[in-house]
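One structure follows; several queries about it will come next.
The values are calculated or read from the model by the stated rules, or taken from the named source; none is laboratory data. Note that the coordinates shown come from a computational prediction; the quantities given were computed from them, not determined experimentally. Glycine gets a Cβ as well: all are built from the backbone with ideal geometry, and neighbour counts include every protein chain shown. Calculation scope for accessible area: heavy atoms of the full protein, side chains included, ligands and nucleic acids excluded. Shrake-Rupley method; radii C 1.70, N 1.55, O 1.52, S 1.80 Å.
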Amino acid sequence: MNRVRLLVLNAALGPLDYRVPEGTVVKPGSVVRAPLGPREVIGIVWDEGRLEAASVPDNKLRPILGILPVPPLTDELRRLVEWTADYYCAAPASVARMVLSSGGALKGPATMTEYRLTGTMPDRMTAQREQALERLEGEQATLRELAAIAEVSEGVLRGLANMGALEAVAVDCDRPFPRAEPDHAVPALNPEQQAAADRFSEAITNGGFAPFLLDGVTGSGKTEVYFEAIATALKEGRQVLVLLPEIALTEAFLKRFEARFGAAPVTWHSSLKSTERRRAWRAIASGEAQVVVGARSALFLPYARLGLIVVDEAHEVSFKQDDGVRYNARDVAVMRGRFAGIPVILASATPALESLQMADSGVYEKIELAARYGGAQLPDIAVLDLRADPPPRGRWLAPKLVEQLELRAERGEQSLLFLNRRGYAPLTLCRHCGYRFQCPNCSAWLVEHRFSQRLACHHCGHETPPPPACPECGTEDCLVACGPGVERIADEVAELMPKARVAVATSDTLNTPERAAEFIALAEARQIDVIVGTQLVTKGFHFPELTLVGVVDADLGLEGGDLRAAERTYQQIAQVAGRAGRGAKPGEVLIQTRHPEAPVITALAAGDRDAFYTAEAEARREAGAPPFGRWAAIIVSSEDEAEARDAARAIGGKRPELADIAILGPAPAPLALLRGRYRYRLLVNARRTAQVQDVIRQWLGGFDLPRSVRVSVDIDPYSFV
Ligand code: ADP
Ligand code: ZN
């Protein structure tokens with residue numbers, strides 16, 4: 001090749017053509033450096049794919065500058081980049097950035113200097129030095145990382161190094177990961193599990209695209225089953241990707257994985273240090289990383305020999321990315337399986353309606369696990385009608401639920417209270433004048449967090465300490481909390497049961513893998529009697545002594561008019577109910593509600609999943625909602641309200657008139673102000689057969705809007721705010 005088309009990592013630019021200098025050999029997928037104006041950019045050599053570049057005569061082309069020391073991106077991955085960009089109306093460069101997501105990895109092999117204690121004492125001791133010596137026991141890391149661990153300056157550590165108390169160690173940045181052994185600790189599967197595992201293994205050995213829906217009740221041993229599929233892939237010398245919805249789940253998963261395979265898998269998530277990222281990235285690209293467990297972004301990594309993808313808790317909303325490239329990792333995983341020609345397993349006890357529909361129509365193969373492993377029974381579910389049996393004033397737990405909590409505590413069993421609201425109270429107001437605390441950047445109330453003593457916006461992160469007086473009327477000590485959050489429920493439990501050990505489990509309290517691990521260890525050691533948690537505790541956890549689950553407010557999720565509100569409520573409650581009675585003792589679930597007659601609640605109480613899905617499918621069919629029709633959202637935003645409105649109106653005014661596509665709006669988005677930007681929304685509702693993306697691209701392509709206006713397209717949206 002002496003002329004190549006590059007996908008450069010700059011979303012504002014289309015693909016560009018370059019000349020390949022004499023003697024340089026590039027291949028499709030090679031990652032190269034190229035000149036762009038006075039600067040240099042990274043680009044990927046593209047083949048005749050679907051990226052059209054402007055035509056430039058050969059003699060005007062600039063030469064590429066060099067090839068980066070990483071393997072060329074596979075054809076499969078390049079097709080995935082094209083598909084993702086095309087489907088989600090995103091710039092191919094933005095998708096490619098998710099592939100080349102470690103700057104360090106692109107620089108090639110490297111060593112780095114880490115430091116560790118030598119045992120030698122410094123000549124002169126200071127308080128800072130003493131602190132460093134104490135905290136760095138057993139640690140080895142870069143100076144900067146050690147400084148963070150010891151909470152001293154790097155200067156203090158350099159001083160210690162000069163005195164011989166710290167020594168430098170040269171570390172290969174790409175040192176190999178421990179090997180996973182497929183036969184390390186093979187479990188005996190029950191017949192139902194064995195049949196499922198055999199089917200997966202067959203598909204892996206045969207090769208070829210094979211999408212599966214692993215539909216098994218909570219506690220049926222789905223993880224155990226897909227571990228056998230992983231073992232088969234490993235024996236075939238293939239790599240495996242396991243996508244998990246939440247980093248808080250990773251710790252428990254890693255422990256289990258290590259027990260089964262004798263070594264931890266490679267992890268990938270946003271809180272990795274840059275050295276960890278580069279090491280993982282390079283091991284993935286070389287094929288050395290055998291099993292990668294990660295958040296959705298792990299989907300775009302350059303696996304050399306991918307043989308299987310597992311999406312665990314595949315129904316989870318967090319697989320949908322809501323900024324940047326707005327993709328759904330569950331759906332992109334299936335596409336990657338297709339391009340790579342490999343099996344994909346979507347595992348869930350409460351699959352998304354979309355996935356069930358694909359299984360029912362024969363596109364996905366459904367593998368069912370109908371019973372809990374080891375004879376454990378699914379819990380009994382009862383409804384507590386809050387209208388008939390209300391909690392006392394100012395309290396949130398009905399007497400019957402409290403009675404059951406006390407009973408479990410007496411028996412030494414654990415309980416879990418579920419409320420999907422972080423913090424102490426969702427709204428704070430002034431008793432005197434009624435002033436409500438609102439976020440200055442968002443149309444949202446500030447949420448009181450009592451543990452950390454702040455009022456916080458859950459949308460933009462704005463925080464302020466609770467003021468001593470009302471900012472409106474100046475009355476002191478007048479703030480009242482309205483409604484409950486998990487912290488308030490935890491307070492209520494502590495008042496009612498002073499001896500109970502209560503733990504709050506939310507993304508605020510379990511915000512690092514270490515904290516999550518600590519929580520799991522405490523719960524497993526039965527050092528916690530009552531867990532109060534958000535959706536974070538609805539999945540993954542397996543505490544055999546947990547026998548009671550209380551749903552504090554089942555109606556909460558049904559408010560708000562979200563397209564998937566009923567489905568999400570069903571999934572959350574069925575999942576959290578699935579935490580009860582996983583061991584030898586039977587579990588019980590109490591659902592507090594003001595609408596015991598709502599279809600979701602009656603289906604949950606009757607344990608009739610099919611009834612719920614059938615009714616929900618009918619409602620969706622009538623509304624032309626997914627999976628029977630399609631939605632797309634177009635959000636027009638600006639820091640200037642009038643500018644946002646005018647742009648949205650201009651776009652709305654040029655809407656295409658088509659038989660198979662209806663366009664609603666523009667109207668102010670439910671979150672009309674977010675992070676300081678005013679937002680207007682247009683909703684596109686289309687028949688399944690409509691060419692939605694092409695229509696949207698053509699429609700939006702023709703506007704010359706001010707640069708301060710942002711237009712973002714969300715295909716198959718999950719968030720309707
Ligand atoms: P799910 O993911 O379907 O909720 P898990 O895979 O977490 O279920 O299994 C539930 C519990 O049963 C776990 O503690 C798991 O270790 C145990 N288990 C499942 N299958 C087996 C098996 N074949 N042998 C031993 N223990 C098993
Ligand atoms: Zn805000």
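Tell me, yes or no, whether the range 349-356 has at least one residue that is assigned to a helix (DSSP H, G or I), of a type in the set (Gly, Ala, Ser) and surrounded by 18 or more Cβ atoms within 10 Å (Cβ to Cβ).
Yes - at least one qualifying residue is present in the range 349-356.
Further question on the same structure: How many residues does the range 186-203 hold that are in contact (Cβ under 8 Å) with a residue 60 or more places away in the chain and either in contact with a Gly (Cβ under 7 Å, 6 or more places away or on another chain) or among the charged types (D, E, K, R) (or both)?
So the answer is 3.
Filter the range 682-716 for residues that are free of Cβ contacts under 8 Å to residues at least 40 places away in the same chain and farther than 20 Å from ALA642 by Cα; which is surrounded by the most Cβ atoms within 10 Å (Cβ to Cβ)?
VAL695
Residue by residue, here is whether (1) within 31 Å of the chain's Cα centre (by Cα); (2) away from ligand 2 (no atom under 16 Å from the Cβ) holds:
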| site | (1), (2) |
| --- | --- |
| TRP631 | yes, yes |
| ALA647 | no, yes |
| ASP660 | no, yes |
| GLY676 | yes, no |
| ARG681 | yes, yes |
| GLY702 | no, yes |
| ASP716 | yes, yes |
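Can you work out which of the residues in the range 669-681 that are at pLDDT below 95 and open to solvent by less than 30 Å² (accessible area, probe 1.4 Å) is farthest from ligand 1 (Cβ to nearest atom)?
ALA669
Quick check on my filter: what residues within the range 502-518 are surrounded by fewer than 16 Cβ atoms within 10 Å (Cβ to Cβ) and either assigned to a helix (DSSP H, G or I) or not polar (S, T, N, Q) (or both)?
GLU514, ARG515, GLU518
Looking at the range 41-68, which of the residues that are assigned to a loop (DSSP other than H, G, I, E, B) and within 36 Å of the chain's Cα centre (by Cα) is modelled with the highest pLDDT? Outline the logic, then answer.
Taking the range 41-68 as the starting set, the residues that turn out to be assigned to a loop (DSSP other than H, G, I, E, B) are 47-57, 61-62, 64-65, 68.
Among the residues that remain, those that are also within 36 Å of the chain's Cα centre (by Cα) are: 47-53, 68.
Details: ASP47: 79, GLU48: 65, GLY49: 56, ARG50: 58, LEU51: 64, GLU52: 65, ALA53: 63, LEU68: 97.
Within the range 41-68, the match that is modelled with the highest pLDDT is LEU68.
Assess whether SER297 counts as being open to solvent by 10 Å² or more (accessible area, probe 1.4 Å) and in contact (Cβ under 8 Å) with a residue 40 or more places away in the chain.
yes
Looking only at the range 169-188, count every residue that is in contact with a helix residue (DSSP H, G or I) (Cβ under 7 Å, 6 or more places away or on another chain) and open to solvent by 30 Å² or more (accessible area, probe 1.4 Å) and tell me the total.
Counting residues in the range 169-188 that are in contact with a helix residue (DSSP H, G or I) (Cβ under 7 Å, 6 or more places away or on another chain) and open to solvent by 30 Å² or more (accessible area, probe 1.4 Å) gives 6.
Residues in the range 141-152 that are more than 30 Å from the chain's Cα centre (by Cα) and either under 14 Å from ALA168 (Cα atoms) or in contact (Cβ under 8 Å) with a residue 24 or more places away in the chain (or both): how many?
Qualifying residue count for the region: 2.
Just to be sure, is PHE541 in a loop (DSSP other than H, G, I, E, B) and either among the aromatic types (Phe, Trp, Tyr) or surrounded by 19 or more Cβ atoms within 10 Å (Cβ to Cβ) (or both)?
Spelling it out, PHE541 is indeed in a loop (DSSP other than H, G, I, E, B) and either among the aromatic types (Phe, Trp, Tyr) or surrounded by 19 or more Cβ atoms within 10 Å (Cβ to Cβ) (or both).
Right, another one. Evaluate the following for LYS255: is it surrounded by fewer than 24 Cβ atoms within 10 Å (Cβ to Cβ), farther than 24 Å from ARG330 by Cβ and more than 16 Å from ligand 1 (Cβ to nearest atom)?
Considered against the rule, which asks whether it is surrounded by fewer than 24 Cβ atoms within 10 Å (Cβ to Cβ), farther than 24 Å from ARG330 by Cβ and more than 16 Å from ligand 1 (Cβ to nearest atom), LYS255 comes out as no.
So, LEU378, is that one modelled with pLDDT under 95, on the phi < 0 side of the Ramachandran plot, in contact with a helix residue (DSSP H, G or I) (Cβ under 9 Å, 6 or more places away or on another chain) and crowded, with 21+ Cβ neighbours inside 10 Å or not? Outline the logic, then answer.
Values: modelled with pLDDT under 95: yes; on the phi < 0 side of the Ramachandran plot: yes; in contact with a helix residue (DSSP H, G or I) (Cβ under 9 Å, 6 or more places away or on another chain): yes; crowded, with 21+ Cβ neighbours inside 10 Å: yes.
Spelling it out, LEU378 is indeed modelled with pLDDT under 95, on the phi < 0 side of the Ramachandran plot, in contact with a helix residue (DSSP H, G or I) (Cβ under 9 Å, 6 or more places away or on another chain) and crowded, with 21+ Cβ neighbours inside 10 Å.
What pairs come out if I take residues in the range 364-390 that are over 25 Å from GLU354 (Cβ atoms) and in contact (Cβ under 8 Å) with a residue 60 or more places away in the chain and pair them with residues that are assigned to a strand (DSSP E or B) and among the small types (Gly, Ala, Ser) whose C-beta lies under 7 Å away, six or more apart or interchain?
Filtered contacts from the range 364-390: no entries.
Residue under question is PHE437, and the condition is that it be of a type in the set (Phe, Trp, Tyr) and in the same structural domain as LEU407 (by TED's automatic domain parsing); does it hold?
No.
Further, regarding this structure: List the helices (runs of 4 or more DSSP H) that sit entirely inside the range 555-626 and contain at least 2 residues that are of a type in the set (Ser, Thr, Tyr), open to solvent by less than 20 Å² (accessible area, probe 1.4 Å) and farther than 13 Å from ILE381 by Cβ.
Details: elements: 565-577, 599-606, 609-623.
Passing ranges: none, list empty.
Okay, residues lined up against (1) farther than 15 Å from SER637 by Cα; (2) in the same structural domain as SER638 (by TED's automatic domain parsing); (3) part of a strand (DSSP E or B):
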| residue | (1), (2), (3) |
| --- | --- |
| ALA672 | no, yes, yes |
| ASN685 | yes, yes, yes |
| THR689 | yes, yes, no |
| GLN693 | yes, yes, no |
| LEU700 | no, yes, no |
| PHE703 | no, yes, no |
| SER708 | no, yes, no |
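Need pairs with beta-carbon distance below 7 Å; first residue farther than 12 Å from GLN453 by Cβ and within the range 464-477, second in a loop (DSSP other than H, G, I, E, B) and among the β-branched types (Val, Ile, Thr); sequence gap 6+ or separate chains.
From residues that are farther than 12 Å from GLN453 by Cβ, the pairs are ALA469/THR475.
Another question about this same structure. Those residues that are buried (at least 17 other Cβ atoms within 10 Å of the Cβ), aromatic (Phe, Trp, Tyr) and over 23 Å from the mean Cα position of the chain (by Cα), I need them from the range 401-459; list them, please.
Residues satisfying the conditions are TYR424, TYR435, PHE437, TRP445.
Additional query: Within the range 358-374, is there a residue that is within 22 Å of the chain's Cα centre (by Cα) and surrounded by fewer than 21 Cβ atoms within 10 Å (Cβ to Cβ)?
Looking for residues that are within 22 Å of the chain's Cα centre (by Cα) and surrounded by fewer than 21 Cβ atoms within 10 Å (Cβ to Cβ), one finds none in the range 358-374, hence no.
Considering the range 73-121 alone, what residues qualify as being under 22 Å from the mean Cα position of the chain (by Cα), within 30 Å of ALA148 (Cβ to Cβ) and open to solvent by 20 Å² or more (accessible area, probe 1.4 Å)?
ARG97, MET98, SER101
So, one more: Return yes when THR218 is surrounded by 20 or more Cβ atoms within 10 Å (Cβ to Cβ), in the same structural domain as LYS320 (by TED's automatic domain parsing), among the hydroxyl-bearing types (Ser, Thr, Tyr) and in contact (Cβ under 8 Å) with a residue 24 or more places away in the chain and no when it is not.
Yes.
Another question, then. Please return the ranges of strands (runs of 3 or more DSSP E) entirely within the range 436-497 where 3 or more residues are more than 16 Å from ligand 2 (Cβ to nearest atom).
In the range 436-497, the matching strands (runs of 3 or more DSSP E) lie at 479-482.
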